[in-house]
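One structure is given below, encoded as structure tokens.
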């Protein structure tokens, strides 16, 4: 336990000390939140209704997709995992600790956004705080797990950016943060339901903000959690200590299995 | 073999169709400093990584302190210490954090004294990327020995180090050896291998070319001993008197240089010749073939006979 806490403590401090992680964990999400607050509200007053959960979701996407995978890939390519293996550091710790520390950073950023948005922009606060925290936790866990999985299967930094952007850009455009999900064409809406951010936005709106749901809100939370669990399980299964490991378990295409709950969600929600 | 702490028996490692190590066997005695030498691609890294439990053998057996590295990695990690050639540490970790972090996983108290011993006391709070190459290597070594391992693997430990640090590191290796630690030293520095190793193994073309003490290995070659003589009147250069056991002779920079197959008769004859010519000896140097000479001889011979390395 001492070892785990030591590892956690070091990783958490890295999230602030490392300039790239500081940017993705704090500066980018908070800067984007302030920019959207000052500009977007004037252009589209309806944005204010979903500003708080929308910006929290943005913070989660930035810190996880843009912050978690690349350090994992670099650590593997630079022999850091080999050194960890020699010293008996379990692979599960290598994967879960960056996920947990990022979630802790996100908790701080989400708290800042949630407190500042009503004060600075007169954005509505959550009406059900417990559900608000629950949906946030489910989204943060799922996105952290998916990001860890990307870090595990990505062969290098360039591919990592590509994989991350496959989720990041569509999530910004289609998840309901910039404009309501109900405005999407039906077919696009179905594709958008593959994105964890869409399910989280729906759950935030219905369960925490007192707005109408576009589809089953509790089902969205369950699908989110199942997707996160599958992604983390696959990351542990597919984990490789270094890029010269010719005995990796399973094919990297297995990673796509984490989408299964989201695909099922399209039909059942 | 009774006190062997490392046993490698018919070890084989392949990557797809590529045979990295092809059935090598050797043992290392407890408390030895054992040099592992060979050109790039000879199979050193695969051998080391398999002994360290990073890779699994594709044939043969390995044992480190009675432990099978593949089957009992949990036991192995507290028995071995490894200083990797690559950094092996996150760039933002500090020396203090790294010491706490690794010692916690080994379930031992942090050894901050080692950071001081290795000249890192002023850099304990510097991040890893802020350290020089030498400081990074010293930190890596401090972490490798912090849990007092029975077997220490050093991969190019002195590459990039200044002379004083190198001497300090060699002293530390001797201290560890005196305490009973077995050290596996993988290096391209032949002088270091010859100076520090009790025995060395030379890997070539994925096989074991030779194993023995540096003295044994240098003695088994065709190596000629170099005898360099300088006299007051440089009379030897003009002498046509035969000197026994000299295979080759030349003059260079006021020195008469002879390559001898049998050093005793050669030196006796040279001194007699100087006296006979009424000259005065100013300098006489005898240089036995070095491990590097023998290494080059082995690699050149094997490469010539097998058609080149991989």
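Within the listed set A:148, A:191, A:73, the residue fluctuating most in the Gaussian network model of chain A (springs between alpha-carbon atoms under 10 angstrom) is A:191.
Mean-square fluctuations from a GNM of chain B, with a 10 angstrom spring cutoff on Cα atoms, peak among B:250, B:120, B:161 at B:250.
Let me know the Kirkwood hydrodynamic radius for the stretch B:4-219, please, with Cα pairs as the basis and the value in Å to one decimal.
So the Kirkwood estimate lands at 17.6 Å.
In terms of surrounding Cβ atoms within a 10 Å radius of their Cβ, A:7, A:251 rank from fewest to most as A:251, A:7.
What is the angle, in °, between the Cα long axis of helix B:291-306 and the longest principal axis of the Cα atoms in chain B? Nearest 10 is fine, range 0 to 90. Tilt of helix B:291-306: around 80 degrees. Considering only DSSP beta bridges where both residues belong to the protein assembly as shown, give the percentage that are antiparallel (nearest 5). That works out to approximately 70 percent antiparallel. Counting Cβ atoms of other protein chains within 10 Å of each Cβ in A:85-95 and taking the mean gives 5. Against chain A, whose longest principal axis is taken from its Cα atoms, helix A:2-17 shows a tilt of about 60°. The smallest convex shape that holds all Cα atoms of the protein assembly as shown, its convex hull, gives 195 Å³ per residue. Counting only Cα atoms, the stretch B:153-269 measures 54, 35, 26 Å along its principal axes, largest extent leading. Provide, for q = 0.07, 0.11 Å⁻¹, the log10 of I(q)/I(0) from a solvent-free Debye sum over equal Cα point scatterers in chain A. Results for chain A at q = 0.07, 0.11 Å⁻¹ read -0.24, -0.59.
Within a 10 angstrom radius of the beta carbon, how do B:52, B:32 rank from fewest other beta carbons to most?
Details: B:52 24, B:32 20.
Exposure proxy ranking, most exposed first: B:32, B:52.
Put in order of Cβ neighbour count within 10 Å, fewest first, the listed residues B:259, B:15, A:237, B:105 become B:15, A:237, B:259, B:105. Across the stretch A:65-180, Cα pairs under 8 Å and at least six residues apart give a relative contact order of 49 percent. Of all the options B:82, B:28, B:14, the one that moves most in a Gaussian network model of chain B with Cα springs shorter than 10 angstrom is B:14.
Per residue of chain B, the DSSP helices (runs of n ≥ 4 H) give a summed -39500 (n - 2.57) that works out to -9500 deg cm²/dmol at 222 nm. Peptide A:6-12 is shielded by partner chain Cβ atoms: per residue, an average of 4 of them sit within 10 Å of its Cβ. How far is helix B:163-178 tilted, in degrees, relative to the longest principal axis of the Cα atoms in chain B, given as a value from 0 to 90 rounded to the nearest 10? Approximately 70 degrees, to the nearest ten. Calculated [222 nm] ellipticity per residue, helices only, for chain A: -22500 deg cm²/dmol; basis is -39500 (n - 2.57) per DSSP H run with n ≥ 4, divided by all residues, nearest 500.
Read the figures in this text as sums done on the coordinates, not as results from a lab. Quick caveat: nothing in here was measured; it's all calculated off a predicted structure. In this analysis, Cβ positions are derived from the backbone assuming ideal geometry, glycine residues included, and neighbour counts consider all displayed protein chains.
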